[in-house]
Structure formats: structure tokens, C-alpha cells
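Notes to accompany the following structure.
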Amino acid sequence: MNFVDNNMRLPQIRAAMTDAEQALHNALLKKIRRLYEHDQLGMHMKVLRFHRHLDDNYTDLRDYCLFHLLTGSTLKTDCPHFDFPLPDSIADFINTEFAAVFPQ
């Protein structure tokens with residue numbers, strides 16, 4: 001499946017998140033899609049570098065909901081955490097990349 005497929009549905013994620021987390025997830029999904037549409041290879045390389053950084057610092061990557069959003073992987077049915085703390089926040093990473101490419 002193409003990561004920027006606008007018909008992508010992740011129903012298993014939605015039930016596990018609070019309303020606030022779901023709203024943030026949806027906003028971040030839209031942003032990361034736009035980033036990939038803008039520069040698929042460049043964004044892919046940035047995600048790979050960030051993924052390596054997270055992998056070097058955490059042993060439980062798949063326990064974080066936003067990790068699955070970042071990598072396009074399938075969410076575990078029981079994701080105990082939503083995002084990593086700063087400075088490793090995936091939400092912060094996506095928002096920073098988005099602001100750099102699409103300044104307001």
C-alpha cells in the first residue's frame with residue numbers, strides 16, 4: 001500500500017485512543033501525507049534517520065501508537081503509549097518538518 005493513500009483506514013487505532021489522541025493522530029496523518037507528497041524520498045530519508053535514533057534509544061518502539069504512524073506499520077492491538085517524551089516526540093518531529101516545508 002502506498003503510504004500517501006488518502007483512503008487508508010486504521011480502525012484498530014481509533015478505538016484504542018482517547019478523543020484528543022485521535023484528533024492529534026488525524027492531524028499528524030494529514031501532515032505526514034503532505035510531507036511525503038511534497039518530497040517522498042527526502043521525507044523517507046528523514047524518517048529513516050529519526051527511526052534509527054529512536055531504535056538506538058528505546059527497546060519498545062512498537063508500544064507507541066505514533067511510531068506506527070511514522071513508519072506506516074501495523075499497530076499493535078494494545079499500544080500502551082501514545083508518543084515518546086521530548087526531545088524524541090514523533091508529534092514534535094512531524095510538526096517541525098511540516099513547519100519547515102510549509103511555513104505559515
The stretch 55-95 - Debye-derived log10 I(q)/I(0), Cα point model, q = 0.26 Å⁻¹: -0.92
Given charges at beta-carbon only (K, R positive; D, E negative), |dipole| of the stretch 23-95 in Debye: 340
Most to least packed among 34-42, 88-96 [average Cβ atoms within 10 Å]: 88-96, 34-42
Value of D in µm² per second that Stokes-Einstein yields for the stretch 23-95, Kirkwood Rh from Cα pairs, at 25 °C (0.890 mPa s): 197
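No lab work stands behind these numbers, since they all come straight from the coordinates. Please read these numbers as outputs of a predicted model, since none were measured by experiment. Backbone-built Cβ (ideal geometry, glycine too); neighbour counts: all protein chains shown.
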